[in-house]
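*Asks:* Below: one structure in C-alpha coordinates.
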Amino acid sequence: MGEPWRIETEFDLWRHRAGLLLAPLAFAVAWYAAESLPPAAHRLAAVLATVIVLWVSEAIPMAITAFLGVAAAVVLGVAPAQEAFAPFADPLIFLFIGTFMLARAIAFHGLDRRFAFAILSLRRVGESPGRLLAAYALVTCLLSMWISNTATTAMMFPIGIALLSFIESQPGIALAPTFGTLLLLSNAFAASIGGLGTPVGTPPNLIGIGFLRREAATEISFFSWMAIGVPVVALLFSLLVFDFWRSGTSRQTRMPDLGTLLARERQALGPWTRGQRNTVFAFGLTITLWVLPGLVSLVAGDQHPFYRQLVTMLPEGVVALLGAGLLFLLPVNLRKHEFTLSWSEAVRIDWWIVFLYGGGIALGTLSFKTGLAEALGRGLTGLLGVESDFSLLLLATSIAVLLSETTSNTASANMVVPVVIAIARSAGLDPVLPVLGATLGASLGFMMPVSTPCNAIVYASGRIPLRTMMRHGILLDLAGVIVIVSMVTLIGPSVLGPTRP
(Lines give C-alpha, C1' and ligand atoms only; values in the text may rest on other atoms or scores of the structure.)
Protein backbone atom coordinates (compact mmCIF):
# COMPACT_ATOMS: atom_id res chain seq x y z
CA MET A 1 0.00 0.00 0.00
CA GLY A 2 2.91 2.38 0.30
CA GLU A 3 5.13 3.90 -2.36
CA PRO A 4 8.39 3.63 -0.36
CA TRP A 5 8.27 -0.16 -0.62
CA ARG A 6 8.30 -0.32 -4.39
CA ILE A 7 11.38 -1.81 -6.02
CA GLU A 8 12.86 -0.20 -9.12
CA THR A 9 12.96 -2.47 -12.17
CA GLU A 10 13.63 -1.81 -15.82
CA PHE A 11 9.88 -1.79 -16.38
CA ASP A 12 9.41 0.81 -13.63
CA LEU A 13 12.03 3.12 -15.12
CA TRP A 14 10.49 2.78 -18.59
CA ARG A 15 7.05 3.49 -17.15
CA HIS A 16 8.23 6.59 -15.27
CA ARG A 17 9.94 8.08 -18.29
CA ALA A 18 6.99 7.33 -20.57
CA GLY A 19 4.70 9.10 -18.12
CA LEU A 20 6.71 12.31 -18.25
CA LEU A 21 6.45 12.30 -22.05
CA LEU A 22 2.80 11.26 -22.29
CA ALA A 23 1.38 13.58 -19.61
CA PRO A 24 1.63 16.81 -21.68
CA LEU A 25 0.32 14.91 -24.72
CA ALA A 26 -2.66 13.65 -22.71
CA PHE A 27 -3.42 17.23 -21.62
CA ALA A 28 -3.35 18.48 -25.22
CA VAL A 29 -5.45 15.62 -26.61
CA ALA A 30 -8.10 15.95 -23.89
CA TRP A 31 -8.14 19.75 -24.26
CA TYR A 32 -9.07 19.53 -27.93
CA ALA A 33 -11.25 16.41 -27.68
CA ALA A 34 -13.45 17.92 -24.95
CA GLU A 35 -14.03 21.34 -26.56
CA SER A 36 -17.78 20.71 -26.84
CA LEU A 37 -18.18 20.46 -23.05
CA PRO A 38 -18.94 23.43 -20.80
CA PRO A 39 -15.78 25.46 -20.01
CA ALA A 40 -15.20 24.10 -16.50
CA ALA A 41 -15.73 20.47 -17.57
CA HIS A 42 -13.55 21.04 -20.64
CA ARG A 43 -10.60 22.27 -18.57
CA LEU A 44 -11.06 19.61 -15.91
CA ALA A 45 -11.02 16.89 -18.58
CA ALA A 46 -7.52 17.98 -19.60
CA VAL A 47 -6.36 18.06 -15.98
CA LEU A 48 -7.79 14.62 -15.22
CA ALA A 49 -6.23 13.08 -18.34
CA THR A 50 -2.85 14.36 -17.20
CA VAL A 51 -3.35 13.15 -13.64
CA ILE A 52 -4.38 9.66 -14.79
CA VAL A 53 -1.25 9.31 -16.94
CA LEU A 54 0.95 10.43 -14.04
CA TRP A 55 -0.83 8.09 -11.62
CA VAL A 56 -0.51 5.06 -13.90
CA SER A 57 3.12 5.79 -14.75
CA GLU A 58 4.07 7.06 -11.26
CA ALA A 59 6.43 9.45 -13.02
CA ILE A 60 6.26 11.68 -9.94
CA PRO A 61 4.98 10.73 -6.46
CA MET A 62 1.24 10.05 -6.65
CA ALA A 63 0.42 12.31 -3.71
CA ILE A 64 2.17 15.23 -5.45
CA THR A 65 0.23 14.42 -8.63
CA ALA A 66 -3.00 14.70 -6.62
CA PHE A 67 -1.93 18.05 -5.18
CA LEU A 68 -0.89 19.40 -8.57
CA GLY A 69 -4.12 18.20 -10.18
CA VAL A 70 -6.28 20.10 -7.70
CA ALA A 71 -4.00 23.16 -7.92
CA ALA A 72 -4.20 23.10 -11.73
CA ALA A 73 -8.00 22.97 -11.51
CA VAL A 74 -7.91 26.18 -9.46
CA VAL A 75 -5.44 27.90 -11.81
CA LEU A 76 -7.59 27.01 -14.85
CA GLY A 77 -10.73 28.38 -13.21
CA VAL A 78 -12.52 25.06 -12.71
CA ALA A 79 -13.36 25.97 -9.09
CA PRO A 80 -12.19 28.41 -6.42
CA ALA A 81 -9.50 27.14 -4.04
CA GLN A 82 -11.81 26.89 -1.02
CA GLU A 83 -14.17 24.60 -2.92
CA ALA A 84 -11.49 22.59 -4.71
CA PHE A 85 -9.49 21.78 -1.56
CA ALA A 86 -12.51 21.22 0.73
CA PRO A 87 -12.37 17.38 0.38
CA PHE A 88 -8.98 17.40 2.12
CA ALA A 89 -11.01 18.02 5.30
CA ASP A 90 -13.46 15.19 4.61
CA PRO A 91 -14.21 13.19 7.82
CA LEU A 92 -12.76 10.07 6.22
CA ILE A 93 -9.38 11.84 6.07
CA PHE A 94 -9.36 11.75 9.86
CA LEU A 95 -10.36 8.10 9.83
CA PHE A 96 -7.18 7.49 7.85
CA ILE A 97 -5.05 9.52 10.25
CA GLY A 98 -6.46 7.95 13.42
CA THR A 99 -6.19 4.42 12.04
CA PHE A 100 -2.62 4.95 10.87
CA MET A 101 -1.62 6.18 14.33
CA LEU A 102 -3.17 3.11 15.97
CA ALA A 103 -1.32 0.91 13.48
CA ARG A 104 1.91 2.79 14.22
CA ALA A 105 1.52 2.07 17.94
CA ILE A 106 0.93 -1.63 17.22
CA ALA A 107 4.15 -1.83 15.21
CA PHE A 108 6.18 0.35 17.60
CA HIS A 109 5.33 -1.79 20.62
CA GLY A 110 5.80 -5.08 18.75
CA LEU A 111 2.22 -6.26 19.08
CA ASP A 112 2.22 -7.50 15.50
CA ARG A 113 5.18 -9.83 16.14
CA ARG A 114 3.66 -10.99 19.43
CA PHE A 115 0.42 -11.85 17.65
CA ALA A 116 2.29 -13.59 14.81
CA PHE A 117 4.33 -15.85 17.06
CA ALA A 118 1.34 -16.56 19.30
CA ILE A 119 -0.39 -18.23 16.33
CA LEU A 120 2.68 -19.76 14.71
CA SER A 121 3.74 -21.41 17.96
CA LEU A 122 0.37 -23.07 18.54
CA ARG A 123 0.56 -26.80 19.17
CA ARG A 124 1.10 -28.87 16.00
CA VAL A 125 1.26 -25.82 13.68
CA GLY A 126 4.98 -26.23 13.11
CA GLU A 127 4.90 -29.98 12.68
CA SER A 128 3.91 -30.01 9.00
CA PRO A 129 4.67 -27.68 6.05
CA GLY A 130 0.97 -27.40 5.17
CA ARG A 131 -0.13 -26.26 8.60
CA LEU A 132 2.80 -23.86 8.86
CA LEU A 133 1.97 -22.28 5.49
CA ALA A 134 -1.71 -21.94 6.42
CA ALA A 135 -0.92 -20.40 9.82
CA TYR A 136 1.68 -18.02 8.35
CA ALA A 137 -0.79 -16.83 5.71
CA LEU A 138 -3.58 -16.56 8.31
CA VAL A 139 -1.51 -14.29 10.56
CA THR A 140 -0.76 -12.05 7.58
CA CYS A 141 -4.40 -11.97 6.51
CA LEU A 142 -5.73 -11.11 9.98
CA LEU A 143 -3.14 -8.39 10.58
CA SER A 144 -3.76 -6.75 7.22
CA MET A 145 -7.45 -6.31 8.07
CA TRP A 146 -6.34 -3.62 10.52
CA ILE A 147 -2.82 -2.60 9.49
CA SER A 148 -1.41 -1.47 6.14
CA ASN A 149 -1.04 -4.37 3.72
CA THR A 150 2.48 -3.23 2.92
CA ALA A 151 3.53 -2.89 6.56
CA THR A 152 2.08 -6.33 7.32
CA THR A 153 3.99 -7.93 4.44
CA ALA A 154 7.20 -6.15 5.43
CA MET A 155 6.84 -7.35 9.03
CA MET A 156 6.03 -10.96 8.13
CA PHE A 157 8.66 -11.21 5.39
CA PRO A 158 11.74 -11.62 7.65
CA ILE A 159 9.78 -14.09 9.80
CA GLY A 160 9.14 -16.19 6.69
CA ILE A 161 12.80 -16.00 5.65
CA ALA A 162 13.89 -17.06 9.16
CA LEU A 163 11.49 -20.02 9.13
CA LEU A 164 12.77 -21.18 5.75
CA SER A 165 16.41 -20.82 6.79
CA PHE A 166 15.83 -22.95 9.87
CA ILE A 167 13.86 -25.64 8.02
CA GLU A 168 16.37 -25.86 5.17
CA SER A 169 19.26 -26.19 7.60
CA GLN A 170 17.77 -29.27 9.26
CA PRO A 171 18.96 -32.61 7.89
CA GLY A 172 16.35 -35.16 6.93
CA ILE A 173 13.56 -32.70 6.06
CA ALA A 174 12.53 -33.18 2.42
CA LEU A 175 10.39 -30.21 1.48
CA ALA A 176 8.55 -29.91 -1.81
CA PRO A 177 10.70 -27.85 -4.23
CA THR A 178 8.11 -25.05 -4.37
CA PHE A 179 7.42 -24.78 -0.63
CA GLY A 180 9.76 -21.84 0.05
CA THR A 181 8.46 -19.93 -2.96
CA LEU A 182 4.82 -20.40 -1.99
CA LEU A 183 5.38 -19.62 1.69
CA LEU A 184 6.79 -16.20 0.82
CA LEU A 185 4.22 -15.63 -1.92
CA SER A 186 1.41 -16.43 0.54
CA ASN A 187 2.60 -13.45 2.58
CA ALA A 188 1.95 -10.98 -0.25
CA PHE A 189 -1.30 -12.56 -1.44
CA ALA A 190 -2.78 -13.00 2.05
CA ALA A 191 -2.02 -9.35 2.90
CA SER A 192 -3.90 -8.12 -0.18
CA ILE A 193 -6.84 -10.42 0.62
CA GLY A 194 -7.01 -9.42 4.29
CA GLY A 195 -7.22 -5.73 3.42
CA LEU A 196 -10.67 -6.32 1.91
CA GLY A 197 -12.20 -7.28 5.25
CA THR A 198 -12.63 -3.91 6.97
CA PRO A 199 -13.04 -0.29 5.82
CA VAL A 200 -9.60 0.53 7.24
CA GLY A 201 -7.87 -2.54 5.78
CA THR A 202 -6.68 -0.71 2.66
CA PRO A 203 -7.19 2.85 1.30
CA PRO A 204 -9.39 1.90 -1.71
CA ASN A 205 -12.10 0.79 0.74
CA LEU A 206 -12.41 4.27 2.19
CA ILE A 207 -12.25 5.83 -1.27
CA GLY A 208 -15.30 3.82 -2.35
CA ILE A 209 -17.12 4.60 0.91
CA GLY A 210 -16.35 8.30 0.53
CA PHE A 211 -17.61 8.54 -3.05
CA LEU A 212 -20.82 6.69 -2.18
CA ARG A 213 -21.48 9.03 0.72
CA ARG A 214 -20.76 12.19 -1.24
CA GLU A 215 -22.20 11.32 -4.65
CA ALA A 216 -24.81 8.62 -3.96
CA ALA A 217 -26.06 9.69 -0.50
CA THR A 218 -25.31 6.20 0.82
CA GLU A 219 -23.70 5.59 4.19
CA ILE A 220 -21.87 2.29 4.63
CA SER A 221 -21.10 1.58 8.27
CA PHE A 222 -18.09 -0.29 9.56
CA PHE A 223 -20.29 -3.27 10.43
CA SER A 224 -22.03 -3.27 7.03
CA TRP A 225 -18.71 -3.29 5.19
CA MET A 226 -17.46 -6.22 7.27
CA ALA A 227 -20.68 -8.15 6.60
CA ILE A 228 -19.66 -8.20 2.93
CA GLY A 229 -15.87 -7.95 3.19
CA VAL A 230 -15.26 -10.76 5.68
CA PRO A 231 -17.04 -13.45 3.57
CA VAL A 232 -15.02 -12.28 0.54
CA VAL A 233 -11.82 -12.59 2.59
CA ALA A 234 -12.82 -16.03 3.93
CA LEU A 235 -13.52 -17.44 0.46
CA LEU A 236 -10.42 -16.01 -1.22
CA PHE A 237 -8.18 -17.00 1.68
CA SER A 238 -9.54 -20.56 1.60
CA LEU A 239 -8.80 -20.76 -2.13
CA LEU A 240 -5.30 -19.38 -1.56
CA VAL A 241 -4.50 -21.98 1.11
CA PHE A 242 -5.99 -24.83 -0.93
CA ASP A 243 -4.01 -23.87 -4.02
CA PHE A 244 -0.71 -23.42 -2.17
CA TRP A 245 -1.16 -26.47 0.06
CA ARG A 246 -1.83 -28.63 -3.01
CA SER A 247 1.08 -27.16 -4.99
CA GLY A 248 3.80 -26.80 -2.37
CA THR A 249 3.48 -29.24 0.53
CA SER A 250 4.00 -32.91 1.19
CA ARG A 251 1.85 -34.80 3.67
CA GLN A 252 4.71 -37.09 4.62
CA THR A 253 7.09 -34.30 5.69
CA ARG A 254 7.35 -33.64 9.43
CA MET A 255 9.28 -30.84 11.16
CA PRO A 256 9.32 -31.69 14.89
CA ASP A 257 12.08 -29.21 15.80
CA LEU A 258 10.35 -26.16 14.31
CA GLY A 259 7.90 -25.94 17.21
CA THR A 260 10.83 -25.54 19.57
CA LEU A 261 12.21 -22.66 17.49
CA LEU A 262 8.84 -20.89 17.39
CA ALA A 263 8.32 -21.34 21.12
CA ARG A 264 11.81 -19.93 21.75
CA GLU A 265 11.10 -16.90 19.53
CA ARG A 266 7.83 -16.26 21.34
CA GLN A 267 9.53 -16.53 24.74
CA ALA A 268 12.22 -14.09 23.59
CA LEU A 269 9.52 -11.41 23.23
CA GLY A 270 9.35 -11.30 27.01
CA PRO A 271 6.38 -10.33 29.20
CA TRP A 272 3.73 -7.90 28.06
CA THR A 273 4.81 -4.28 28.41
CA ARG A 274 2.72 -1.37 29.61
CA GLY A 275 2.77 0.08 26.10
CA GLN A 276 1.44 -3.15 24.61
CA ARG A 277 -1.39 -3.35 27.12
CA ASN A 278 -2.31 0.30 26.54
CA THR A 279 -2.30 -0.19 22.76
CA VAL A 280 -4.53 -3.27 23.00
CA PHE A 281 -6.97 -1.31 25.16
CA ALA A 282 -7.10 1.68 22.78
CA PHE A 283 -7.36 -0.51 19.68
CA GLY A 284 -9.97 -2.81 21.23
CA LEU A 285 -12.11 0.14 22.32
CA THR A 286 -11.87 1.65 18.84
CA ILE A 287 -13.00 -1.56 17.14
CA THR A 288 -15.86 -1.94 19.64
CA LEU A 289 -17.14 1.56 18.91
CA TRP A 290 -16.79 0.98 15.16
CA VAL A 291 -18.90 -2.17 15.27
CA LEU A 292 -21.36 -1.19 18.02
CA PRO A 293 -23.84 0.82 15.85
CA GLY A 294 -24.21 -2.12 13.46
CA LEU A 295 -24.90 -4.53 16.31
CA VAL A 296 -27.48 -2.15 17.80
CA SER A 297 -29.12 -1.87 14.37
CA LEU A 298 -29.39 -5.66 14.15
CA VAL A 299 -31.04 -5.92 17.56
CA ALA A 300 -33.17 -2.76 17.75
CA GLY A 301 -33.47 -1.68 14.11
CA ASP A 302 -32.00 1.31 12.31
CA GLN A 303 -34.89 3.56 13.40
CA HIS A 304 -34.26 3.13 17.12
CA PRO A 305 -33.27 6.43 18.86
CA PHE A 306 -30.20 4.83 20.46
CA TYR A 307 -28.89 3.70 17.05
CA ARG A 308 -29.48 7.17 15.58
CA GLN A 309 -27.67 8.74 18.52
CA LEU A 310 -24.69 6.42 18.13
CA VAL A 311 -24.40 7.13 14.41
CA THR A 312 -24.53 10.87 15.04
CA MET A 313 -22.13 10.96 17.99
CA LEU A 314 -19.65 8.26 16.92
CA PRO A 315 -18.93 8.32 13.18
CA GLU A 316 -15.94 6.19 12.22
CA GLY A 317 -13.56 9.14 11.79
CA VAL A 318 -14.33 10.50 15.25
CA VAL A 319 -13.89 7.06 16.82
CA ALA A 320 -10.50 6.67 15.12
CA LEU A 321 -9.36 10.03 16.49
CA LEU A 322 -10.58 9.14 19.98
CA GLY A 323 -8.70 5.84 19.84
CA ALA A 324 -5.55 7.54 18.57
CA GLY A 325 -5.93 10.26 21.21
CA LEU A 326 -5.91 7.64 23.95
CA LEU A 327 -2.43 6.62 22.86
CA PHE A 328 -1.19 10.06 23.89
CA LEU A 329 -3.03 9.92 27.25
CA LEU A 330 -2.32 6.40 28.49
CA PRO A 331 1.02 6.58 30.34
CA VAL A 332 3.95 4.24 30.01
CA ASN A 333 6.18 6.09 32.50
CA LEU A 334 4.65 9.10 34.19
CA ARG A 335 7.87 10.10 35.95
CA LYS A 336 9.54 10.54 32.58
CA HIS A 337 6.33 11.88 31.00
CA GLU A 338 6.29 8.99 28.52
CA PHE A 339 3.02 7.86 26.96
CA THR A 340 1.98 4.99 24.71
CA LEU A 341 2.74 6.91 21.50
CA SER A 342 5.05 9.87 21.07
CA TRP A 343 4.56 12.53 18.45
CA SER A 344 7.90 11.64 16.85
CA GLU A 345 6.51 8.14 16.19
CA ALA A 346 3.04 9.35 15.23
CA VAL A 347 4.30 11.54 12.39
CA ARG A 348 5.84 8.48 10.72
CA ILE A 349 2.43 7.39 9.40
CA ASP A 350 1.77 7.12 5.65
CA TRP A 351 0.96 10.77 5.00
CA TRP A 352 1.22 10.27 1.23
CA ILE A 353 -1.87 8.03 1.35
CA VAL A 354 -3.81 10.77 3.17
CA PHE A 355 -2.82 13.35 0.56
CA LEU A 356 -3.53 11.02 -2.35
CA TYR A 357 -6.96 10.21 -0.94
CA GLY A 358 -7.81 13.90 -0.49
CA GLY A 359 -6.69 14.76 -4.01
CA GLY A 360 -8.57 11.86 -5.55
CA ILE A 361 -11.80 12.76 -3.77
CA ALA A 362 -11.33 16.44 -4.72
CA LEU A 363 -10.90 15.71 -8.43
CA GLY A 364 -13.74 13.20 -8.38
CA THR A 365 -16.06 15.68 -6.70
CA LEU A 366 -15.17 18.38 -9.23
CA SER A 367 -15.91 15.99 -12.09
CA PHE A 368 -19.49 15.65 -10.82
CA LYS A 369 -19.96 19.36 -10.08
CA THR A 370 -18.74 20.47 -13.52
CA GLY A 371 -20.81 17.88 -15.42
CA LEU A 372 -17.73 16.07 -16.73
CA ALA A 373 -18.70 12.82 -14.99
CA GLU A 374 -22.20 12.98 -16.49
CA ALA A 375 -20.83 13.49 -20.00
CA LEU A 376 -18.34 10.65 -19.53
CA GLY A 377 -21.08 8.41 -18.17
CA ARG A 378 -23.34 9.02 -21.15
CA GLY A 379 -20.54 8.26 -23.58
CA LEU A 380 -19.42 5.08 -21.85
CA THR A 381 -22.97 3.83 -21.36
CA GLY A 382 -23.60 3.92 -25.09
CA LEU A 383 -20.19 2.41 -25.84
CA LEU A 384 -20.34 -0.44 -23.31
CA GLY A 385 -24.04 -1.23 -23.59
CA VAL A 386 -24.62 -1.51 -19.82
CA GLU A 387 -28.25 -2.40 -19.20
CA SER A 388 -28.50 -3.85 -15.68
CA ASP A 389 -27.06 -3.50 -12.18
CA PHE A 390 -25.43 -6.92 -12.47
CA SER A 391 -23.75 -6.22 -15.83
CA LEU A 392 -22.34 -2.96 -14.45
CA LEU A 393 -21.17 -4.74 -11.27
CA LEU A 394 -19.35 -7.39 -13.33
CA LEU A 395 -17.85 -4.80 -15.67
CA ALA A 396 -16.75 -2.48 -12.86
CA THR A 397 -15.12 -5.28 -10.85
CA SER A 398 -13.29 -6.69 -13.88
CA ILE A 399 -11.95 -3.29 -14.98
CA ALA A 400 -10.79 -2.48 -11.44
CA VAL A 401 -8.93 -5.80 -11.15
CA LEU A 402 -7.31 -5.31 -14.56
CA LEU A 403 -6.25 -1.75 -13.75
CA SER A 404 -4.87 -2.81 -10.37
CA GLU A 405 -2.31 -4.96 -12.21
CA THR A 406 -0.74 -1.88 -13.77
CA THR A 407 -0.96 0.84 -11.14
CA SER A 408 -1.43 1.53 -7.45
CA ASN A 409 -4.60 0.13 -5.87
CA THR A 410 -5.37 3.56 -4.44
CA ALA A 411 -5.00 5.24 -7.82
CA SER A 412 -7.10 2.49 -9.42
CA ALA A 413 -9.96 3.17 -7.02
CA ASN A 414 -9.70 6.93 -7.54
CA MET A 415 -9.97 6.44 -11.30
CA VAL A 416 -12.59 3.69 -11.54
CA VAL A 417 -15.11 4.55 -8.81
CA PRO A 418 -16.20 8.00 -10.14
CA VAL A 419 -16.57 6.55 -13.63
CA VAL A 420 -18.76 3.71 -12.32
CA ILE A 421 -21.02 6.20 -10.53
CA ALA A 422 -21.26 8.29 -13.70
CA ILE A 423 -22.15 5.26 -15.85
CA ALA A 424 -24.77 4.14 -13.33
CA ARG A 425 -26.42 7.57 -13.29
CA SER A 426 -26.45 7.78 -17.07
CA ALA A 427 -27.99 4.31 -17.39
CA GLY A 428 -30.53 4.95 -14.61
CA LEU A 429 -28.98 2.26 -12.38
CA ASP A 430 -28.20 2.12 -8.67
CA PRO A 431 -24.43 2.77 -8.30
CA VAL A 432 -23.99 1.25 -4.82
CA LEU A 433 -23.29 -2.40 -5.62
CA PRO A 434 -21.16 -1.69 -8.73
CA VAL A 435 -19.07 0.77 -6.71
CA LEU A 436 -18.56 -1.85 -4.01
CA GLY A 437 -17.42 -4.33 -6.66
CA ALA A 438 -15.01 -1.82 -8.19
CA THR A 439 -13.66 -0.84 -4.78
CA LEU A 440 -12.96 -4.41 -3.74
CA GLY A 441 -11.59 -5.28 -7.17
CA ALA A 442 -9.12 -2.39 -7.05
CA SER A 443 -7.37 -4.07 -4.12
CA LEU A 444 -6.54 -7.26 -5.98
CA GLY A 445 -3.77 -7.38 -8.58
CA PHE A 446 -1.83 -10.57 -7.80
CA MET A 447 -0.02 -11.28 -11.08
CA MET A 448 2.96 -8.92 -11.29
CA PRO A 449 5.64 -7.58 -8.93
CA VAL A 450 4.56 -4.03 -9.85
CA SER A 451 0.89 -4.73 -9.10
CA THR A 452 1.21 -4.06 -5.37
CA PRO A 453 4.05 -3.20 -2.98
CA CYS A 454 3.26 -6.51 -1.21
CA ASN A 455 4.19 -8.41 -4.38
CA ALA A 456 7.29 -6.26 -4.85
CA ILE A 457 8.58 -6.98 -1.33
CA VAL A 458 8.46 -10.77 -1.64
CA TYR A 459 9.64 -10.75 -5.26
CA ALA A 460 12.77 -8.88 -4.15
CA SER A 461 13.79 -11.99 -2.20
CA GLY A 462 14.89 -13.60 -5.47
CA ARG A 463 13.09 -16.82 -4.51
CA ILE A 464 9.90 -16.24 -6.50
CA PRO A 465 10.01 -16.87 -10.28
CA LEU A 466 7.81 -14.45 -12.19
CA ARG A 467 5.97 -17.31 -13.90
CA THR A 468 5.00 -18.71 -10.48
CA MET A 469 3.61 -15.39 -9.32
CA MET A 470 1.69 -15.00 -12.58
CA ARG A 471 0.33 -18.56 -12.59
CA HIS A 472 -1.07 -18.40 -9.08
CA GLY A 473 -1.91 -14.70 -9.37
CA ILE A 474 -4.17 -15.02 -12.40
CA LEU A 475 -6.10 -17.76 -10.61
CA LEU A 476 -6.74 -15.46 -7.65
CA ASP A 477 -7.61 -12.53 -9.92
CA LEU A 478 -10.25 -14.57 -11.75
CA ALA A 479 -11.54 -16.09 -8.52
CA GLY A 480 -11.58 -12.61 -6.98
CA VAL A 481 -13.92 -11.29 -9.67
CA ILE A 482 -16.28 -14.25 -9.20
CA VAL A 483 -16.24 -14.09 -5.40
CA ILE A 484 -16.66 -10.32 -5.21
CA VAL A 485 -19.52 -10.23 -7.72
CA SER A 486 -21.23 -13.17 -5.98
CA MET A 487 -20.91 -11.82 -2.42
CA VAL A 488 -21.89 -8.27 -3.36
CA THR A 489 -24.93 -9.59 -5.24
CA LEU A 490 -26.01 -12.03 -2.51
CA ILE A 491 -25.22 -10.05 0.65
CA GLY A 492 -25.16 -6.42 -0.49
CA PRO A 493 -28.91 -5.75 -0.88
CA SER A 494 -29.83 -7.17 2.54
CA VAL A 495 -26.95 -5.47 4.37
CA LEU A 496 -27.06 -2.06 2.68
CA GLY A 497 -30.80 -1.73 2.21
CA PRO A 498 -31.53 -0.28 5.68
CA THR A 499 -28.58 2.16 5.51
CA ARG A 500 -29.73 3.99 2.42
CA PRO A 501 -32.02 7.03 2.83
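*Asks:* Against the conditions (1) at pLDDT 85 or above; (2) part of a helix (DSSP H, G or I); (3) charged (D, E, K, R), where does Glu265 fall short? Just the number, please.
*Replies:* For Glu265, the exception is condition (1).
*Asks:* Could we say that Gly480 is over 20 Å from Pro203 (Cα atoms) and either of a type outside the set (A, V, I, L, M) or in contact with a Cys (Cβ under 9 Å, 6 or more places away or on another chain) (or both) here?
*Replies:* So Gly480 fails the test.
*Asks:* Give the residue, chosen from Ala135, Ala162, Ala176, Ala151, that is of a type outside the set (Val, Ile, Thr), outside any helix (DSSP H, G or I) and farther than 21 Å from Asp477 by Cα.
*Replies:* Numbers: Ala135 fails: outside any helix (DSSP H, G or I); Ala162 fails: outside any helix (DSSP H, G or I); Ala151 fails: outside any helix (DSSP H, G or I).
One residue alone meets the criteria, Ala176.
*Asks:* For the structure I just gave you, tell me whether Pro418 is out of contact with any strand residue (DSSP E or B) (no Cβ under 8 Å at 6 or more places or on another chain), of a type outside the set (Val, Ile, Thr) and either buried (at least 21 other Cβ atoms within 10 Å of the Cβ) or free of Cβ contacts under 8 Å to residues at least 24 places away in the same chain (or both).
*Replies:* Details: out of contact with any strand residue (DSSP E or B) (no Cβ under 8 Å at 6 or more places or on another chain): yes; of a type outside the set (Val, Ile, Thr): yes; either buried (at least 21 other Cβ atoms within 10 Å of the Cβ) or free of Cβ contacts under 8 Å to residues at least 24 places away in the same chain (or both): yes.
It is true that Pro418 is out of contact with any strand residue (DSSP E or B) (no Cβ under 8 Å at 6 or more places or on another chain), of a type outside the set (Val, Ile, Thr) and either buried (at least 21 other Cβ atoms within 10 Å of the Cβ) or free of Cβ contacts under 8 Å to residues at least 24 places away in the same chain (or both).
*Asks:* If Leu321 meets every condition in (1) aliphatic (A, V, I, L, M); (2) over 20 Å from Ile97 (Cβ atoms); (3) under 21 Å from the mean Cα position of the chain (by Cα) apart from one, which number is that one?
*Replies:* Checking Leu321 against (1) aliphatic (A, V, I, L, M); (2) over 20 Å from Ile97 (Cβ atoms); (3) under 21 Å from the mean Cα position of the chain (by Cα), the one that fails is (2).
*Asks:* Taking interchain pairs and intrachain pairs at least six residues apart, which have beta carbon atoms under 9 angstrom, with the first residue in segment 306-321 and closer than 16 Å to Asp90 by Cα and at pLDDT 85 or above and the second surrounded by 17 or more Cβ atoms within 10 Å (Cβ to Cβ) and charged (D, E, K, R)?
*Replies:* From residues that are closer than 16 Å to Asp90 by Cα and at pLDDT 85 or above, the pairs are Gly317/Asp90.
*Asks:* Please name all residue pairs, on different chains or six or more residues apart, with Cβ atoms under 6 Å, provided the first residue is in segment 280-296 and is over 12 Å from Leu326 (Cα atoms) and at pLDDT below 85 and the second residue is crowded, with 17+ Cβ neighbours inside 10 Å and among the polar types (S, T, N, Q).
*Replies:* Gly294/Ser221
So that you can scan it fast, the table gives a plain yes or no per residue for (1) at pLDDT 90 or above; (2) in contact with a Cys (Cβ under 9 Å, 6 or more places away or on another chain); (3) assigned to a loop (DSSP other than H, G, I, E, B):
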{"position": "Gly325", "(1), (2), (3)": "yes, no, no"}
{"position": "Val332", "(1), (2), (3)": "yes, no, no"}
{"position": "Glu345", "(1), (2), (3)": "yes, no, no"}
{"position": "Arg348", "(1), (2), (3)": "no, no, yes"}
{"position": "Gly358", "(1), (2), (3)": "no, no, no"}
{"position": "Ala373", "(1), (2), (3)": "no, no, no"}
{"position": "Gly379", "(1), (2), (3)": "no, no, no"}
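*Asks:* From (1) touching a residue at least 60 places away in the same chain (Cβ under 8 Å); (2) outside any helix (DSSP H, G or I); (3) within 15 Å of the chain's Cα centre (by Cα), pick out the condition that doesn't hold for Val401.
*Replies:* (2)
The values are calculated or read from the model by the stated rules, or taken from the named source; none is laboratory data. Owing to the predicted nature of the structure, the values given are computational and were not obtained by experimental measurement. Here Cβ is always computed from backbone atoms with ideal geometry, including for glycine, and neighbour counts include all displayed protein chains.
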